[in-house]
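Scroll down for the structure; my scribbles are underneath it.
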Amino acid sequence: MSHELEQKILLLSKHDNPEINKDQIKLVGDKMFLSTNLVIKASGLTGQNGAETIRLGIVRKADATVELSNSVDHLHVVNDAGVDIYEEMAKVLFAQLGGDPVEMKKFLVELSKAETTDGTKPGKAYGGSIVQSDTAGIALMHFHHIKGATFYKIWVSSNPDPTILSAYTRCTPDTFISSRGGEVAVATNVKLHFRIQACNTHGDGVMSDPFGGISFSPTV
């Protein structure tokens, strides 16, 4: 069976966090709008507008008091519309660029590896823990082994809300080759949350639930 990996545009779901959808729609829309190809440019403008509409919906929900339920319903509507817009932008990219990952990367489109015909990506990661090491600015992390994983991506967020996936960025180092983990560079005097992600050549598994939620000391 083939082990070739198919590159494809990251698709969004209407069940995703609107914040995540907004960021990805804006990322693709902004870059497409810079194109000299009028078809791509027009689709990118639609994407820009869609991301802005979701942003306003998020603001309206956050600011709402009396009409909170109406604001939540409105955000669902604009979020669903934004995902539809994103799907249209994806179609334009494939039609104009032939699905070539090298060309699509020029627009900073996030690409994901498809599963091969004879393998699967790992399951959801779990069991992460992290503690202060004997060195300032360095923490010790470990987590459970996930069947099928050949390496693990490590993510960190300083956002007070650990559920906001778009706030997570890769750690330093950004991967471990085993669940034994190791040392991770950490910011100090700020509460940090972490997630891990089991990966292999077929793709990336679902991120773990957040763990940590602690502040690391600048001195030991």
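Miscellaneous remarks
- Over region 129-215, Cα pairs under 8 Å with separation of 6+ residues give a relative contact order of 33 percent.
- Computed lengthening from Glu87 to Tyr126, 0.36 nm per intervening residue step minus Cα-Cα distance: 10.9 nm
- Other residues with beta-carbon under 15 Å from the beta-carbon of Ile214 carry, at +1 per Lys or Arg and -1 per Asp or Glu, a net charge of +2.
- Virtual paramagnetic centre 7 Å along Cα→Cβ of Asp209, amide N under 14 Å, in region 180-198: 194-196
- On the principal axes of its alpha carbon atoms, region 124-200 extends 36, 30, 17 Å, with the longest extent given first.
- Backbone N within region 145-165 under 16 Å of label point (7 Å from Ala62 Cα along the Cβ vector): 158-165
- Modelled spin labels at Ser217 and Ala185, positioned 7 Å past Cα toward Cβ, are 2.3 nm from each other.
- When peptides 164-175, 72-83 are ranked by their average number of other Cβ atoms within 10 Å per residue, the highest-first order is 72-83, 164-175.
- Of Lys22/Lys124; Lys14/Lys153; Lys41/Lys121; Lys91/Lys147; Lys61/Lys91; Lys31/Lys153, those spanning more than 29 Å from alpha-carbon to alpha-carbon: Lys41/Lys121; Lys91/Lys147; Lys61/Lys91
The numbers here are math on the coordinates, done by the rules we state, and not lab data. Please read these numbers as outputs of a predicted model, since none were measured by experiment. Backbone-built Cβ (ideal geometry, glycine too); neighbour counts: all protein chains shown.
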